Amino acid sequence: MIPELLVSGFDVLNEPDKRKRVVQALRDLKLPVATYEGRVEPHEEGVRASLLAISPESDRAPQSEKEDLHRRMAEQKAGLTELLGDFSADGELKSFFLGRRHQAALNLLFSLPSTPLQKGDSWTPNVTGIEIGQRFFPEDSRRVQKATLESLERDGDGRLIATMFYVIADEVTGHFEYKQAGDIQKLKMDVSNTYLAVGDFLVDEGRWKAFTAVNTNVARDESSSERMILYDMRLQQETAAK
């Protein structure tokens, strides 16, 4: 877990200082060895985006049994396409038949606004992080899906870079009902899911120069669980992708 990034997306939106710390934390993340290669290729009248599993490359031996296991698992999957989706020319995901989790990952990594943006403008990524099963009774819920164009500048190589910051947060409070010894019981449940991301987009080339996102999920009932997932893409010639 990364404490600086285990925060509510709603707080990040409302507190400028916290927003700056989150952006800096995303920029400063020490990236793990890449295990996927992201691809965006022309397809029909739009593009096809995919994540291909690759063998991890490293100049050092595994530092733990867990790291060794992860490397061996990645090597076994190498060559398999783990995620694939088709997008229209205006950035909309057309693969409606995919599960919500896969649609969320594709939209987070590859979807773009359908209309031109000016600095300070925002758009709504179609990303949802919470999915709850049956017998759940909601009491309160809220969500925000916001990606903002922070700046539009040229880098040292003269390339036009659009820097975007994402805050996507879902929260729901309620309870499950179940039967025990013939009586209906209630189990209180609070769930929050947040995506925080910063990306540098090469406007003229139509691809990310760099994109880093952290997804945190916190569930509380009689106990608590926390999960954090890192997404990262870099141009292959500069460093490993994902």
Every listed condition ((1) within 30 Å of residue 19 (Cα to Cα); (2) open to solvent by less than 30 Å² (accessible area, probe 1.4 Å); (3) small (Gly, Ala, Ser)) holds for residue 114 save (2)
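If I go through the stretch 116-131 residue by residue, how many of them are out of contact with any helix residue (DSSP H, G or I) (no Cβ under 8 Å at 6 or more places or on another chain) and part of a loop (DSSP other than H, G, I, E, B)?
8
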Taking the criterion of being among the hydroxyl-bearing types (Ser, Thr, Tyr), under 29 Å from residue 8 (Cα atoms), touching a Lys or Arg at 6+ places or on another chain (Cβ under 9 Å) and surrounded by fewer than 15 Cβ atoms within 10 Å (Cβ to Cβ), would at least one residue in the stretch 149-161 satisfy it?
yes
query: Does the stretch 82-101 contain at least one residue that is assigned to a helix (DSSP H, G or I) and either open to solvent by 50 Å² or more (accessible area, probe 1.4 Å) or farther than 26 Å from residue 209 by Cβ (or both)?
result: yes
Counting only residues in the stretch 45-61 that are open to solvent by 50 Å² or more (accessible area, probe 1.4 Å) and touching a Lys or Arg at 6+ places or on another chain (Cβ under 9 Å), the one modelled with the lowest pLDDT is identified as 58
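Give, as residue ranges, the strands (runs of 3 or more DSSP E) completely inside the stretch 138-242 that count at least 3 residues that are within 23 Å of residue 5 (Cβ to Cβ) and polar (S, T, N, Q).
Details: elements: 160-180, 183-202, 207-220, 224-234.
In the stretch 138-242, the matching strands (runs of 3 or more DSSP E) lie at 183-202, 207-220.
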Log entry, pairs with first residue in the stretch 89-106 being over 21 Å from residue 169 (Cα atoms) and aliphatic (A, V, I, L, M), second being open to solvent by 90 Å² or more (accessible area, probe 1.4 Å) and part of a loop (DSSP other than H, G, I, E, B), beta carbons closer than 9 Å, six or more apart or on different chains, reads 89/45
For the stretch 3-42 the number of residues that are closer than 24 Å to residue 111 by Cβ and exposed (fewer than 13 other Cβ atoms within 10 Å of the Cβ) is 4
- Just a yes or no: is a residue in the stretch 218-229 under 10 Å from the mean Cα position of the chain (by Cα), under 25 Å from residue 133 (Cα atoms) and either modelled with pLDDT of 95 or more or among the β-branched types (Val, Ile, Thr) (or both)? yes
Taking the stretch 169-189 and the residues there that are within 27 Å of the chain's Cα centre (by Cα) and more than 14 Å from residue 134 (Cβ to Cβ), the one that is surrounded by the most Cβ atoms within 10 Å (Cβ to Cβ) would be 169
- Query: Quick check: anything in the stretch 123-134 of a type in the set (Phe, Trp, Tyr) and either in contact (Cβ under 8 Å) with a residue 60 or more places away in the chain or open to solvent by 90 Å² or more (accessible area, probe 1.4 Å) (or both)?
  - Reply: no
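The values are calculated or read from the model by the stated rules, or taken from the named source; none is laboratory data. These numbers come from a predicted model, not from an experiment. FYI the Cβ positions are ideal-geometry reconstructions off the backbone, even for glycines, and counts take in every protein chain you see. Surface areas here come from the heavy atoms of the whole protein model, side chains and all, with no ligands, DNA or RNA. Shrake-Rupley method; radii C 1.70, N 1.55, O 1.52, S 1.80 Å.
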